[in-house]
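Working notes, beginning with the structure itself.
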Amino acid sequence: MSTLIEVKNVTRVYRDTNGNPVYALKDVDLDIQEGEFISIIGPSGCGKTTLLRLIAGLDKPEKGTLKINGEEIGGPSFERGYIFQQAALFPWATVYDNVALGLKARKIFQANREKVQDYINLIGLDGFEKAYPHEISGGMAQRVAIIRSLINEPKVLLLDEPLGALDAFKRIELQEQLIGIWKKTKATMVMVTHDVDEAISLSGRIVIMTPRPGRIVHIVDVDLGPDRNRNNDDFIALRKLILEELHLVISQPQPEYAI
Ligand SMILES: Nc1ncnc2c1ncn2[C@@H]1O[C@H](COP(=O)(O)OP(=O)(O)O)[C@@H](O)[C@H]1O
Ligand SMILES: [Mg+2]
């Protein structure tokens, strides 16, 4: 595999209301390989969304560089699809139109119609083309948001806690669909998640981040093969390792206060 995305020495600083710096990311390095499924995990506020937005080209770092195929990321592009945590569908448009509106070339040619329908079928929403977002479930809406990005055949899919709002059953169903989409499209998947089992089930590598300042502490290889059983010893051992790392992250010594 070759490197597709290169994040080098990236720092992104915000200011709090007192004007003090908040290091959302500090000196972050990450190489993402073409075609891999990589997850980013870590406690709230460790810079996961910031990192994803930078890769999407929706934001710029104060320091460091982000490249794709050796070229600096200058802004958003259809070749990098971005999926928000909450499905952001157009409420006034049907499922069909929401997907069609995602098309880079929006003119409705017959070929495009077929393509929209193919993608709707891919995620099992045939029969719901005419439904409006308020008439479908959260999981269905998230699937529509995913295919709205996929329809432009992006090289990279950036997913910010895409299944965060779903219950455990729907989550597992959509995880399987995500894997199916990854295998079918061969896109590079970069997924932020809070769910350790989800990260282990789906990814080839897991990036563990810590907050204040936001940085990468460890990148774990998941050498578990394609059929991942959550009750398998290797799966359980990996879960334990990652939870321990996250626990360490969360329980870092807090400042002591004299009473
Ligand atoms: N627009 C912003 N203005 C000020 N601070 C921000 C802004 N966006 C993010 N931050 C801060 O940067 C840090 C990282 O945020 P974020 O990337 O959203 O973390 P995560 O997605 O891991 O929860 C947090 O401390 C957050 O409060
Ligand atoms: Mg976030």
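The values are calculated or read from the model by the stated rules, or taken from the named source; none is laboratory data. Computed from a prediction, not measured in an experiment: that's the story for all the values here. All Cβ positions, even for glycine, are placed from backbone atoms using ideal geometry, and neighbour counts span all protein chains on display.
Residue 130 - would you say it is among the basic types (Lys, Arg), in contact (Cβ under 8 Å) with a residue 24 or more places away in the chain and either under 21 Å from residue 165 (Cα atoms) or not in a loop (DSSP other than H, G, I, E, B) (or both)?
Here the answer is no, as residue 130 does not meet what is asked.
Can you tell which of 96, 119 is surrounded by 15 or more Cβ atoms within 10 Å (Cβ to Cβ) and either within 27 Å of residue 55 (Cβ to Cβ) or among the charged types (D, E, K, R) (or both)?
The unique qualifying residue is 119.
Of everything in region 34-78, what is over 17 Å from residue 209 (Cβ atoms) and β-branched (Val, Ile, Thr)? Give them in sequence order.
Within region 34-78, 65, 68, 73 qualify.
Select from region 57-85 the residues that are of a type in the set (S, T, N, Q) and surrounded by fewer than 15 Cβ atoms within 10 Å (Cβ to Cβ) and write down the one among them that is modelled with the lowest pLDDT.
Just the residues of region 57-85 that are of a type in the set (S, T, N, Q), to begin with: 65, 69, 77, 85.
Now narrow it down to the ones that are surrounded by fewer than 15 Cβ atoms within 10 Å (Cβ to Cβ): 65, 69.
Details: 65: 98, 69: 95.
Across region 57-85, the extreme among qualifying residues is 69.
Would you tally the residues in region 44-56 being more than 6 Å from ligand 1 (Cβ to nearest atom) and surrounded by fewer than 20 Cβ atoms within 10 Å (Cβ to Cβ)?
Residues in region 44-56 being more than 6 Å from ligand 1 (Cβ to nearest atom) and surrounded by fewer than 20 Cβ atoms within 10 Å (Cβ to Cβ): 1 in total.
Residues 172, 147: which one is crowded, with 17+ Cβ neighbours inside 10 Å and either under 20 Å from the mean Cα position of the chain (by Cα) or assigned to a helix (DSSP H, G or I) (or both)? Full working, then the answer.
Numbers: 172 fails: crowded, with 17+ Cβ neighbours inside 10 Å.
Within the list 172, 147, the selection yields 147.
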